[in-house]
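Chemist: Below is a structure I'd like to ask you about.
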Amino acid sequence: MGLAPDGGLFMPQYIPKADIDVVFRKAEKSFPEMASYLAWLFMEGDVDKDALDEVCRQAFGFDVRLSHIEGDKYTLELFHGPTFAFKDFGAGFMGRMLGVLNGSGEDLTILTATSGDTGSAVANGFYGVPGVKVVVLYPEGKVSDLQESQMTTLGGNIFPLRVRGNFDDCQRIVKEIFSDSVFRAEKKVTSANSINILRWLPQSFYYFYGWYLWNSATGKYMPEITVPSGNYGNISAGMLAKKMGLPVKGFIAASNANDIIPKYLETGVFEPKPSVHTVANAMDVGNPSNYERILDLYGGSFASVKADVRGYSCGDGDIKKAIREMYGRYGYVSDPHSAVGYNAAVRYGADGFWLSTAHRAKFAEVIEDALGRDFPLPDALERFLGKEKVFTPIDADTLAVEDFVRGL
Ligand SMILES: *Cc1c(COP(=O)(O)O)cnc(C)c1O
């Protein structure tokens, strides 16, 4: 279930304590070993430990790197997964876990509407999971060639629907299907959106790993962690890690022009607004859902949130300036979302690291605009482009999509 029956977000019933020495030893072995230790703290008794180990090996079989930019400046690169953005952690874990939880039960269909990135992360995270079929609805002509390739070249249990309509049509269709009780009695369908607790929980794991890498590199113990934020799932998972015992001095909530949370940190008032479009578009959120989780983690106290979190926001001009500055000074090419993190960390002189949430190649037009040149695609992305796209074109019509799902 994505949402709880009362419309709220799920939280763990209790928050277990992690033993930081054990975390360190497991992390020395591998990210998946450490991840499985942490996940087990929540799931002991609910799943088999060997199955959980295997889930973590499959979901997290890629690098997590701490890049040293200069002096005190470090960034934790979370974009070395299959679709080159940090959402691979949540989507990959949820996909493999559903395979385990669903067991040999009836077929489960995941329905997801996407404007590009979520669909590719979910398609790759759920690819090959037995008993699970994934139907991805995306708007024709509105996603980049690369994003379309990442959703349409997998085959297997992934069924891309290219909808003759826009993203809102795709979302509407998915919503209508979820509220069609007749259809749901026929077919077991669920969503995989970013607020699902199975996507949220594993995002806490890389905070532990980032701490391990940073502590090993610097000998220091208490980082301040800067998180480029939009819907605030990422940073709230960091707050969960802190509650589990991770030594963290505090967080910097770094946003683009959609400054709802930085404003809240100034005024104590949470005031959602329509989102505005920016060059860091995966953070264009005007009503961040995970605000609820943040409040819950801090016992509903604004003073406690404020004691732990500093807010920062910047516009497109400053984002492009940061991309130029990092390239000019350090020869490092940052994607626009991570550049917001850089700006925030520099502004506060933060001693710690910022999270880099996407690979520059995913936002090549912004980089080209900022730097006046382009860069070659990494081989792993190039490979997607070389393959034939296979998808089903469909009208923006809920009944047509239901028929398609019935026929799978
Ligand atoms: C989703 C996303 C974000 C924002 O993460 P939240 O958890 O929504 O705060 C930042 N950067 C990139 C590249 C993203 O895809």
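The values are calculated or read from the model by the stated rules, or taken from the named source; none is laboratory data. Computed from a predicted structure; not experimentally measured. As a convention, Cβ positions derive from the backbone with ideal geometry for all residues, glycine included, and neighbour counts pool all protein chains shown. Just the protein is used for accessible areas: all its heavy atoms, side chains included, with ligands, DNA and RNA removed. Shrake-Rupley method; radii C 1.70, N 1.55, O 1.52, S 1.80 Å.
Chemist: Within the stretch 265-288, can you find the residues that are within 14 Å of the ligand (Cβ to nearest atom) and assigned to a helix (DSSP H, G or I)?
Modeler: ASN281, ALA282, MET283
Chemist: Considering only residues of the stretch 289-302 that are within 16 Å of the ligand (Cβ to nearest atom) and in contact with a helix residue (DSSP H, G or I) (Cβ under 6 Å, 6 or more places away or on another chain), which is farthest from GLY116 (Cα to Cα)?
Modeler: LEU297
Chemist: Okay, moving on. Tell me which of these ALA85 doesn't satisfy, since it passes every other one: (1) under 20 Å from LYS187 (Cβ atoms); (2) within 12 Å of the ligand (Cβ to nearest atom); (3) among the aliphatic types (A, V, I, L, M).
Modeler: Tallying (1) under 20 Å from LYS187 (Cβ atoms); (2) within 12 Å of the ligand (Cβ to nearest atom); (3) among the aliphatic types (A, V, I, L, M), ALA85 fails exactly one: (1).
Chemist: Please work out which residue is farthest from ALA91 (Cα to Cα), limiting yourself to the stretch 210-242 and to residues that are more than 16 Å from the ligand (Cβ to nearest atom) and crowded, with 24+ Cβ neighbours inside 10 Å.
Modeler: Across the stretch 210-242, the extreme among qualifying residues is PRO223.
Chemist: Go through the stretch 164-187 residue by residue and tally those that are of a type in the set (A, V, I, L, M) and surrounded by fewer than 19 Cβ atoms within 10 Å (Cβ to Cβ). I'd like the intermediate steps shown before the answer.
Modeler: Applying the first criterion (of a type in the set (A, V, I, L, M)) to the stretch 164-187 yields 173-174, 177, 182, 185.
Imposing the further condition that a residue be surrounded by fewer than 19 Cβ atoms within 10 Å (Cβ to Cβ) reduces the set to 182, 185.
Going through the stretch 164-187 one residue at a time, the tally reaches 2.
Chemist: For the stretch 26-129, which strands (runs of 3 or more DSSP E) that fit wholly inside it have 1 or more residues that are under 30 Å from TYR327 (Cα atoms), hydrophobic (A, V, I, L, M, F, W, C) and open to solvent by 10 Å² or more (accessible area, probe 1.4 Å)?
Modeler: On the way: elements: 65-70, 73-77, 108-113.
In the stretch 26-129, the matching strands (runs of 3 or more DSSP E) lie at 65-70.
Chemist: On to the next question. Only one residue in ALA307, ALA350, ALA345 is farther than 29 Å from GLN150 by Cβ, of a type in the set (A, V, I, L, M, F, W, C) and open to solvent by 50 Å² or more (accessible area, probe 1.4 Å), so which one is that?
Modeler: Numbers: ALA350 fails: open to solvent by 50 Å² or more (accessible area, probe 1.4 Å); ALA345 fails: open to solvent by 50 Å² or more (accessible area, probe 1.4 Å).
Every option except ALA307 fails the conditions.
Chemist: Separate question: Do we have any residue at all in the stretch 188-204 that's of a type in the set (Gly, Ala, Ser) and either more than 21 Å from VAL64 (Cα to Cα) or surrounded by fewer than 18 Cβ atoms within 10 Å (Cβ to Cβ) (or both)?
Modeler: Initial filter on the stretch 188-204 (of a type in the set (Gly, Ala, Ser)): 191-192, 194, 204.
So of that shortlist, the ones also either more than 21 Å from VAL64 (Cα to Cα) or surrounded by fewer than 18 Cβ atoms within 10 Å (Cβ to Cβ) (or both) come out as 191-192.
Within the stretch 188-204 (the criterion being of a type in the set (Gly, Ala, Ser) and either more than 21 Å from VAL64 (Cα to Cα) or surrounded by fewer than 18 Cβ atoms within 10 Å (Cβ to Cβ) (or both)), the answer is yes, since at least one residue qualifies.
Chemist: Within the stretch 268-275, does at least one residue satisfy the condition of being open to solvent by 70 Å² or more (accessible area, probe 1.4 Å), assigned by TED's automatic domain parsing to the domain that holds ARG360 and aliphatic (A, V, I, L, M)?
Modeler: Applying the first criterion (open to solvent by 70 Å² or more (accessible area, probe 1.4 Å)) to the stretch 268-275 yields 269, 271, 273-274.
Then keep just the ones that are assigned by TED's automatic domain parsing to the domain that holds ARG360; that gives 269, 271, 273-274.
Right, trim to aliphatic (A, V, I, L, M) and you get 269.
Yes, there is a match, as at least one residue in the stretch 268-275 is open to solvent by 70 Å² or more (accessible area, probe 1.4 Å), assigned by TED's automatic domain parsing to the domain that holds ARG360 and aliphatic (A, V, I, L, M).
Chemist: Could I ask something else about it? Can you go through ASN215, ASN166, ASN193, ASN231 and tell me which one is over 19 Å from ILE15 (Cα atoms), at pLDDT 95 or above and polar (S, T, N, Q)?
Modeler: Residue meeting the stated conditions: ASN215.
Chemist: If you don't mind, there's one more thing I want to ask. Residues that are in the same structural domain as LEU76 (by TED's automatic domain parsing) and touching a Pro at 6+ places or on another chain (Cβ under 6 Å): list the helices (runs of 4 or more DSSP H) wholly contained in the stretch 161-229 that include at least 1 such residues. Let's see the steps before the verdict.
Modeler: Values: elements: 167-178, 181-186, 197-200, 205-218.
It comes to 205-218.
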